[in-house]
Amino acid sequence: THSSRPQRLLRAVQKGAVRGDARSVVANIDRFCHHSEWAMNIGDEKGAILDSVVSEVNPALALELGTYCGYSTVRIARLLPPGGRLITLEFNPEYAAVARQVIEWAGLEDSVQLVEGGSGDWIPQLKEHFGVQSFDFVFLDHWKERYLPDIHLLEECELLRKGTVVLADNVVCPGAPDYLAYVRNSPAYQSSYFQSHLEYTKAVDGLEKSVYLGTTDA
Ligand SMILES: O=C(NCCCOCn1ccc2cnccc21)c1cc(-c2ccc(F)cc2)cc(O)c1O
Ligand SMILES: [Mg+2]
């Protein structure tokens, strides 16, 4: 039976990256995707923007929707402050199995909790299951049509606080037009756009950074 692209990506990490060295895991995935096979990791160019936003927020508690092979998981987790935690959610069990091994190869398994399932099911359970109050940082990189319903769900479940930073990948390609319209027009968000390129290509893409300002309720 033939391997899958995530499995070939994992093998490239295990072959080329130094165990425990998150930077070399990231570099080897980027090398694989530039020279062997394209894969939907955020990539090096948008990844540098992700790094700068994560470093600025310095989150004690972060949430990622859309783990895939764990590339952005490793980029975020390696920048967390001591004791910082990242919860990452993946729908596809095969992707999750690869991501667990990539995260482990990077030596970041102690600060990452990977859960398998759908955002609609999991978001309402996060407080109870993980004992979290609210997130300091949220990274959206899952089904693009879920960005809007899920940010509403995060608000309803009171998982955002004044100042929570929500960063969304692919707001141009594949695109999340309804999500963009919402965060750019809602008084509850201060939104800004970072133009870049679709991972490993010359196509235009970008990240939207939205700071939650809280509700006007008393
Ligand atoms: O589709 C993409 N990502 C999403 C994966 C499934 O996510 C499913 N998923 C993961 C947690 C989760 C939780 N609940 C529901 C679904 C949930 C995605 C796609 C492209 C892309 C761009 C151009 C192309 F020609 C082809 C593809 C690029 C990206 O950077 C992406 O992120
Ligand atoms: Mg993406």
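Bear in mind that the values in this text are calculations on the coordinates, not laboratory data. None of these values were measured; they are calculated from a predicted model. Cβ placement follows ideal geometry from the backbone for every residue including glycine, while neighbour counts extend to all protein chains displayed.
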Signed unit charges on C-beta, dipole axis of the range 132-218, positive-most listed residue C173, Q195, I151
Q195
With 20 Å as the limit, write out which pairs from K144/K209; K46/K162; K46/K202; K46/K144; K162/K209 have Cα-Cα distances beyond it, or answer none.
K46/K162
Could you tell me what % of all Cα pairs in the chain have separations over 29 Å?
20 percent
How big is the antiparallel share of DSSP beta bridges in the chain, given as a percent to the nearest 5?
40 percent
Just add up the charged neighbours of S111: K/R +1, D/E -1, any other residue whose Cβ is under 11 Å from the Cβ of S111.
0
Amide proton proximity set for T88, modelled H, under 5 Å, gap of 5+:
E64, Q113, L114, V115
Sequence order, the range 89-106: Karplus ³J(HN,Hα) from phi using 6.51 cos²θ - 1.76 cosθ + 1.60, θ = phi - 60°, Hz rounded, Gly and Pro as x, gives 10, 10, 7, 8, x, 5, 4, 4, 5, 5, 4, 4, 6, 5, 4, 5, 4, 7
Using only helices, what value at 222 nm comes out for the chain when you add -39,500 (n - 2.57) per DSSP H run of length 4 or more and divide by the total residues, to the nearest 500 deg cm²/dmol?
-12000 deg cm²/dmol
For D110 and R19 in the same chain, what is the full-extension length gain: residue separation times 0.36 nm, less their Cα-Cα distance, in nm?
31.3 nm
With Cβ to Cβ distances under 11 Å as the rule, what net charge do the other residues near F32 carry (K, R +1; D, E -1)?
+3
Based on other C-beta atoms within 10 Å, arrange D141, D178 from fewest to most.
D178, D141
Summing Lys, Arg as +1 and Asp, Glu as -1, what charge do residues with Cβ under 12 Å from the Cβ of T215 carry, T215 excluded?
-2
What ³J(HN,Hα) values, in whole Hz, does the Karplus curve 6.51 cos²θ - 1.76 cosθ + 1.60 give for the range 208-216 when θ = phi - 60°, with x put for Gly and Pro?
10, 9, 10, 8, 6, 9, x, 8, 7
Given a Förster distance of 30 Å, report the FRET efficiency between R8 and S186 from their Cβ-Cβ distance, rounded to the nearest 0.05.
0.15
Exposure proxy check on W122, W143: fewest-to-most Cβ neighbours within 10 Å is W143, W122
Can you sort H197, H35, H152 from fewest to most other Cβ atoms within 10 Å of each residue's own Cβ?
H35, H152, H197
